[in-house]
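Okay, so here's the structure we're looking at.
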Amino acid sequence: QVQLVESGGGLVQAGGSLRLSCAASGSIFSINAMGWYRQAPGKQRELVATITSGGSTNYADSVKGRITVSRDNAKNTVSLQMNSLKPEDTAVYYCNADILHSGGPYYRRYWGQGTQVTVSS
């Protein structure tokens, strides 16, 4: 089985920073894209940032210049460095990864359980 576990959420004041991490574990043969989504109360889940195995990144317009996604392919981890946080960044943040299980044959998207980020004004 494959599992994604997030860490690093919490409460921070507006203008502050937080770093989220997500580790994939289990019978992993290969990981393609990894990324972060978020869901605020009463809203749909939305993309925050993604990163390919080669390091190409994609960001939501609302977070460009404030948030940086990175990954460590050797450790099967993806991180989200969030700076200049705003109250509207408050949400549950979910990591995901497109993983090829050791048993194959297809990539499947796995999700973490989510971590709460709250930004106070």
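Are any residues in region 94-121 under 16 Å from the mean Cα position of the chain (by Cα), under 19 Å from GLY55 (Cα atoms) and open to solvent by 70 Å² or more (accessible area, probe 1.4 Å), and if so, which ones?
ARG109
Here is a yes/no grid of residues against (1) out of contact with any strand residue (DSSP E or B) (no Cβ under 7 Å at 6 or more places or on another chain); (2) open to solvent by 60 Å² or more (accessible area, probe 1.4 Å):
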position: GLY15; (1), (2): yes, no
position: SER27; (1), (2): no, no
position: ASN32; (1), (2): no, yes
position: PRO41; (1), (2): yes, yes
position: TYR59; (1), (2): no, no
position: ASP72; (1), (2): yes, no
position: THR90; (1), (2): no, no
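With LEU11, LEU80 as the choices, which residue is open to solvent by 20 Å² or more (accessible area, probe 1.4 Å) and either within 18 Å of TYR107 (Cβ to Cβ) or in a strand (DSSP E or B) (or both)?
Matching residue, one of LEU11, LEU80: LEU11.
Which condition from (1) of a type in the set (Gly, Ala, Ser); (2) modelled with pLDDT of 95 or more; (3) farther than 21 Å from SER121 by Cα; (4) more than 13 Å from the chain's Cα centre (by Cα) is the one that GLY35 breaks?
(4)
Looking at LEU85, LEU47, LEU4, LEU20, which one is at pLDDT 95 or above, open to solvent by 50 Å² or more (accessible area, probe 1.4 Å) and aliphatic (A, V, I, L, M)?
Checking each option against the conditions leaves just LEU47.
The values are calculated or read from the model by the stated rules, or taken from the named source; none is laboratory data. The structure presented is a predicted model; accordingly, all values stated were derived computationally and were not measured. For neighbour counting, all protein chains shown are included, and Cβ atoms are generated from backbone atoms with ideal geometry for every residue, glycine included. What goes into the accessible areas is simple: the full protein's heavy atoms, side chains included, and nothing from ligands, DNA or RNA. Shrake-Rupley method; radii C 1.70, N 1.55, O 1.52, S 1.80 Å.
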